[in-house]
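In what follows, a single structure is set out as structure tokens and then discussed.
The values are calculated or read from the model by the stated rules, or taken from the named source; none is laboratory data. Note that the coordinates shown come from a computational prediction; the quantities given were computed from them, not determined experimentally. All Cβ positions, glycine included, derive from the backbone under ideal geometry; neighbour counts span all protein chains shown.
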Amino acid sequence: MPERSQQQGTKPVFNPRDPDFIRDPYPAYRRLGRDGPIRWDAAGGYWLATGYELCASILKDRRFGRRYELVIEHRYGPGMMAETVFRRLGATMLMQEPPTHTRLRGLVSKAFTARRVERLRPGIRSMVAQMLDSIAPLGTMDVIRDFAQVLPVNVICDMLGIPTADRWRFRNTAAASTRMLDPVPMDRREIDEANTMFDEQFAYFTDLFALRRRDPADDLITALLHVEDEAGGLTHDELLANIWLLFVAGHETTRNLIGNGLLALHRHPGELARLRADASLLPTAVDELLRFDSPVQFVSRTAFEDVTMGEVRIAKDQVVLCLLGAANRDPVMFADPDRLDVGRPDVRPLSFGGGIHYCLGAQLTLIEGQEAFAGLIGRLPGLRLDDIDAPAWQPNFTIRGLARMGARW
């Protein structure tokens with residue numbers, strides 16, 4: 001352990017389940033940043049990286065990566081990989097390293113090339129228009145429940161081939177799933193609930209796979225079933241785990257980009273007015289909204305060997321939490337980082353991670369965000385939000401998003 005970390009005691013640097021932190025983590029990040037781009041949290045047993053350049057470097061550095069089973073054992077104690085939740089999550093590409101990660105991502109990524117995803121834009125635009133056709137006459141909605149959650153769920157369900165009548169099964173999947181990724185361990189009740197959720201949803205997907213084998217369709221599940229049958233393809237457990245991952249990752253980031261972004265724009269009415277006056281700012285604005293209040297607040301990496309970075313030595317098997325929310329507001333990288341600027345040039349937020357684990361669906365999220373904000377701003381010009389000073393946040397640290405947000409026009 002480096003000498004500097006020995007002087008920082010065992011008091012937690014911050015409590016990621018503190019309601020004040022959940023409501024606004026950025027003051028805590030600013031305090032952390034004053035001590036430099038990285039520091040040791042003795043209470044948590046991990047490093048906290050807050051600097052943009054440092055986080056970007058760690059995410060690309062192959063001396064760091066995933067040691068999923070080691071992290072679970074450190075967080076929960078030995079034997080916990082036998083729990084359904086951890087065993088199933090461990091089979092996803094998110095928790096794997098090469099060569100398994102390379103094989104899994106290579107098989108799935110064919111559906112997420114930039115060209116293929118861009119071809120989805122007209123359909124997403126049409127979906128937004130149809131949703132707003134139904135919503136606009138009502139004069140009121142819960143933005144999260146009625147729009148931000150529905151749009152990306154329908155997009156990813158269409159891609160996967162999940163029938164419309166079955167989509168209610170996944171309504172609460174994301175909230176349960178994101179808690180699994182928090183650095184604060186789940187309690188026994190939460191673990192049991194997650195086990196049950198996995199059992200129910202994997203049973204559903206197993207039945208859907210059988211249906212698609214009998215009745216193939218033009219969807220991602222059918223395509224991956226063909227891959228499963230090929231030599232060097234997906235095992236059944238890998239197919240189940242990664243279809244589940246695509247579903248969760250395919251809508252949670254977009255849901256919170258829309259919710260967090262709409263709240264940020266209404267808290268900065270001048271920037272909202274700029275966007276209404278100049279729709280060409282939308283791509284830059286979405287990047288800025290991702291930077292300003294990132295849906296993904298941190299990702300973790302484990303050192304594969306002793307690594308010296310600046311003044312600190314990170315020992316082999318130590319974990320680094322790359323605090324993306326802090327890095328995206330690093331004043332060394334961004335001028336006036338706590339100011340929303342929908343025209344900010346060359347934003348490049350770290351909200352999608354980096355390196356070999358860069359988010360597979362990043363381009364899809366950007367397109368959904370651009371079309372969602374274009375529709376909301378264009379169709380509901382008088383839109384105003386309720387309770388912008390005290391919104392209801394989900395009680396998660398890893399994935400930052402609103403539980404609900406009333407609106408009227």
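Restricting region 43-73 to residues that are of a type in the set (A, V, I, L, M, F, W, C) and closer than 17 Å to ASP182 by Cα leaves a set whose member that is surrounded by the most Cβ atoms within 10 Å (Cβ to Cβ) is ALA49.
Checked across region 201-215, the condition of being within 19 Å of THR84 (Cβ to Cβ), of a type outside the set (S, T, N, Q) and loosely packed, with under 12 Cβ neighbours inside 10 Å holds for at least one residue. Of all residues in region 136-145, those satisfying the criterion of being in contact (Cβ under 8 Å) with a residue 24 or more places away in the chain, in a helix (DSSP H, G or I) and among the aliphatic types (A, V, I, L, M) are ALA136, VAL143, ILE144.
Quick grid of which residues meet (1) closer than 27 Å to ALA43 by Cβ; (2) surrounded by fewer than 20 Cβ atoms within 10 Å (Cβ to Cβ); (3) among the small types (Gly, Ala, Ser):
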{"residue": "ALA303", "(1), (2), (3)": "yes, no, yes"}
{"residue": "ILE314", "(1), (2), (3)": "yes, no, no"}
{"residue": "ASP317", "(1), (2), (3)": "yes, yes, no"}
{"residue": "VAL320", "(1), (2), (3)": "yes, no, no"}
{"residue": "LEU323", "(1), (2), (3)": "yes, no, no"}
{"residue": "ALA326", "(1), (2), (3)": "yes, no, yes"}
{"residue": "MET333", "(1), (2), (3)": "no, yes, no"}
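When SER351 is tested against (1) of a type in the set (S, T, N, Q); (2) surrounded by fewer than 19 Cβ atoms within 10 Å (Cβ to Cβ); (3) within 16 Å of the chain's Cα centre (by Cα), only condition (2) is not met.
Can you find, within region 119-133, the residue that is surrounded by the fewest Cβ atoms within 10 Å (Cβ to Cβ) among those that are at pLDDT 95 or above and among the charged types (D, E, K, R)? Among them, the one singled out is ASP133.
Of ALA273, ALA279, all but one fail to be within 30 Å of LEU376 (Cβ to Cβ) and at pLDDT 95 or above; the exception is ALA273. Exactly one residue out of VAL117, VAL71, VAL108, VAL85 is closer than 14 Å to ASP237 by Cα, of a type in the set (A, V, I, L, M) and under 21 Å from the mean Cα position of the chain (by Cα), and it is VAL85. Among residues of region 387-396 being modelled with pLDDT under 95 and touching a Gly at 6+ places or on another chain (Cβ under 8 Å), the one that is surrounded by the fewest Cβ atoms within 10 Å (Cβ to Cβ) is ASP387.
Quick one: in region 111-120, which of the residues that are assigned to a helix (DSSP H, G or I) and in contact (Cβ under 8 Å) with a residue 60 or more places away in the chain is nearest to LEU220 (Cα to Cα)? The residue in question is ALA111.
Note on region 287-309: residues that are in a helix (DSSP H, G or I) and of a type in the set (A, V, I, L, M) total 2.
Has region 327-334 got any residue that is more than 18 Å from the chain's Cα centre (by Cα) and over 30 Å from ARG62 (Cα atoms)? No, every residue in region 327-334 fails to be more than 18 Å from the chain's Cα centre (by Cα) and over 30 Å from ARG62 (Cα atoms). The number of residues in region 21-80 that are among the aliphatic types (A, V, I, L, M), more than 19 Å from SER294 (Cα to Cα) and outside any helix (DSSP H, G or I) comes to 3.
Of everything listed in (1) outside any helix (DSSP H, G or I); (2) of a type outside the set (A, V, I, L, M, F, W, C); (3) within 19 Å of the chain's Cα centre (by Cα), the single unmet condition for ASN154 is (1). Checking the structure you have, find out if any residue of region 365-379 is on the phi < 0 side of the Ramachandran plot, assigned to a loop (DSSP other than H, G, I, E, B) and either surrounded by 14 or more Cβ atoms within 10 Å (Cβ to Cβ) or of a type in the set (Val, Ile, Thr) (or both). There is no residue in region 365-379 that is on the phi < 0 side of the Ramachandran plot, assigned to a loop (DSSP other than H, G, I, E, B) and either surrounded by 14 or more Cβ atoms within 10 Å (Cβ to Cβ) or of a type in the set (Val, Ile, Thr) (or both).
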